Amino acid sequence: MKKLTAADSLVTINHYKNILESEGIACQIRNEHLGAIMGEMPFVEVWPQLWVKNDLDYDRALQLIGEANSDESPGEPWRCRRCGEENEGQFAACWSCGTSL
Ligand SMILES: [Zn+2]
C-alpha cells in the first residue's frame, strides 16, 4: 500500500478512484468518514486519502491523476451568449441561466 494523494473533497478522491479502477489499478480510500471530527485535527490530516494497493501501480496511478487534473484545469473566463453573464473557465455551462458553453 502506498499513499497516492489527498484532497479536501471526497468527491475528488472518488473521481480519482474511478479513473484508476477503470485502468485496472486497485486502490482504497482512507479517512472517508473522518469529516465529522474536522476541527479537532489539523485539516490536512483528516482529508480523504487515496492509496494504491500495489506499490508497482504507484507511478502509473500518479500519472493518471496528473492527466485527470490537467483535463480539468480552468480555462479562460467566458461570457454567456444568452444572458451575457461572465463565467469562470471551469464551468461548462452558464451559472446564471444554464446555457452550455
Ligand atoms: Zn447565461
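Values in this text are rule-based calculations from the coordinates and carry no lab data. Quick caveat, the model's predicted, so the values are computed rather than measured. So basically every Cβ, Gly included, is an ideal-geometry build from the backbone, and we count neighbours across all protein chains shown.
Ordering of 90-98, 9-17 by packing is 9-17, 90-98, highest average first (other Cβ atoms within 10 Å, averaged per residue). Highest mean packing comes first when the peptides 78-86, 22-30 are listed by Cβ atoms within 10 Å, giving 22-30, 78-86. Each label point was placed 7 Å from the Cα along the Cα-to-Cβ direction; for A26 and F91 their separation is 4.3 nm. The amide H of E85, built 1.01 Å from its N in the peptide plane, has C80 as neighbours under 5 Å, considering only residues 5 or more places off or on other chains.
Under the simplified labelling scheme, the C83-N18 pair shows an inter-label distance of 2.6 nm, with each label point 7 Å from Cα along Cα→Cβ.
Between R60 and S9, the modelled label-to-label distance comes to 2.8 nm, taking each label 7 Å out from Cα in the direction of the beta carbon.
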